[in-house]
Amino acid sequence: MAAEPERISDDPLDWRGRPIRCRECSHVALNLEGLCRKGSACVRDRRAKRVDLFFRGHPHLADAYLDHVYFEVRARAARYASVLRLPPLLDDPEPEVRATVASRLPASRIARLAHDPEPRVRIVAANRLEGAALLAMYSDPDYLVRIHVVRRLSPDLLTIAVHDEDPEVRRWVARRIPLERLHLLVKDPEPLVRLVVAERLPEDRLAAMSKDEDLRVRFTVAERCSVELLPSFLDDEDELVRACAQARLEGD
């Protein structure tokens, strides 16, 4: 079902909380032609969505708003403005503006944003940078940034993260690390990491996880292991694991 159009406010306000009056706007000519509309697509509105709709319809006007006092206007203008006009906004005081600029400038121009004080900006940088610059970002203190780094690094480099302090980072390592190095996570302290390992290991290497302390891991091993290993699960402490092994033995 298509989303309903945004309901137009009876009294739209600008970023200072004052009522918007189209006759006072420098774009009154556009309004008279029906090319912008108060409460819907308006550069003076305090709501970012309406500002964005204005620039989407008039991207050629975005350059003129890159130094606007309201950060939402700058951030939305940066989406549509000429890339050549964006470098000064690398030092914008608002993270949202810097993140938008980081998503549009060539990767070679945004390297310093890898050290931006805001994680959301560093995440954008992690999704743009390559090679040594990306690898260096693995030292980021924020686990969300490290997740984005691990998701983009070459799988061959992921051994650097097998002992990451955050289990969600290690889960991404387990999803992407080459199979021949997956054994490095077989004894991970986090069950959900080991579960990923159990889902990926070749069946002839699953014996190492057959006595795992976590039910979910043992059940996954019982589902995937070779027939020769199945009898070892018939006396498992958990009924689901035993039933899985029994069903496979009977089916085979």
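The values are calculated or read from the model by the stated rules, or taken from the named source; none is laboratory data. Remember, predicted model here, so these are calculated numbers, not experimental data. All Cβ positions, glycine included, derive from the backbone under ideal geometry; neighbour counts span all protein chains shown. Surface areas here come from the heavy atoms of the whole protein model, side chains and all, with no ligands, DNA or RNA. Shrake-Rupley method; radii C 1.70, N 1.55, O 1.52, S 1.80 Å.
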Problem - Nearby lysines by direct alpha-carbon distance to Lys49 (threshold 24 angstrom, same-chain neighbours under 8 apart not counted) - result: Lys38
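Give me the number: length gained by fully extending Arg151 to Glu228, i.e. 0.36 nm times residue separation minus the C-alpha to C-alpha distance, one decimal in nm. Could you put the intermediate results ahead of the total?
Details: separation 77, 0.36 × 77 = 27.72 nm, distance 3.54 nm.
Separation in residues times 0.36 nm, less the Cα-Cα distance, equals 24.2 nm.
Within region 1-134, what whole-number % of the accessible surface is contributed by carbon and sulfur, with the 1.4 Å probe and all protein chains included in the calculation?
Working: 3950 of 7620 Å².
Of the solvent-accessible surface of region 1-134, carbon and sulfur hold 52 percent.
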Completion exercise
Rounded to 0.05, the calculated FRET efficiency for the beta carbons of Asp204 and Gln246 at R₀ = 22 Å is 0.50
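Do the sum for the chain: with -39,500 (n - 2.57) for every DSSP H run of n ≥ 4, divided by all residues, what is the mean residue ellipticity at 222 nm, to the nearest 500 deg cm²/dmol? Mind showing how you got there, number by number?
Numbers: 11 runs with 102 residues, N = 252.
That comes out to -11500 deg cm²/dmol.
Over the chain, average the accessible area per residue using a 1.4 Å probe and give it in Å², no decimals.
Computed with neighbouring chains in place, this is 55 Å² per residue.
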Completion exercise
Any lysines whose Cα falls less than 30 Å from that of Lys211, other than same-chain ones fewer than 8 residues away, would be Lys187
Practice task
Could you state the angle between the C-alpha long axis of helix 167-176 and the longest principal axis of the C-alpha atoms of the chain, as a value from 0 to 90 degrees rounded to the nearest 10?
Solution key: 80 degrees
Exercise for the section: Within region 63-131, list the GluC sites (Glu not before Pro) lying in a DSSP loop whose Cβ has at most 15 other Cβ atoms in a 10 Å radius. Expected result: Glu130
Completion exercise
Over all directions, region 2-95 yields a Cα convex hull whose mean projected area in nm² is 6.9 nm²
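Which of the trypsin sites (Lys or Arg not before Pro) across region 160-252 are loop residues per DSSP, with 13 or fewer other Cβ within 10 Å? Each step should come with its number before you reach the end.
Numbers: sites: Arg170, Arg171, Arg175, Arg176, Arg181, Lys187, Arg194, Arg200, Arg205, Lys211, Arg216, Arg218, Arg224, Arg242, Arg248; in loops: Lys187, Lys211.
Here the sparse-neighbourhood loop sites are Lys187, Lys211.
About its Cα centre, how strong a charge dipole does region 49-191 have in debye, to the nearest 20, once Lys and Arg get +1 and Asp and Glu get -1 at the Cβ?
On the way: 23 positive and 21 negative charges, 113 e Å.
It works out to roughly 540 debye.
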Exercise for the section: Express in whole angstrom the spacing between the alpha-carbon centres of region 135-165 and region 93-134. Expected result: 16 Å
Handout entry: Check: the chain dipole with +1 on Lys, Arg Cβ and -1 on Asp, Glu Cβ, in debye
Key = 1700 debye
Handout entry: Using alpha-carbon coordinates, inclination of helix 239-251 to the longest axis of the chain, degrees
Key = 70 degrees
Handout entry: Degrees, to the nearest 10: 95-104 long Cα axis against longest axis of the chain
Key = 80 degrees
Practice task
Restrict the search to region 149-252; then list the GluC sites (Glu not before Pro) that DSSP places in a loop and that have at most 15 other Cβ atoms within 10 Å of their Cβ.
Solution key: Glu165, Glu213, Glu237
Exercise for the section: Send over the per residue convex hull volume for the chain, Cα only, as a whole number of Å³. Expected result: 192 Å³
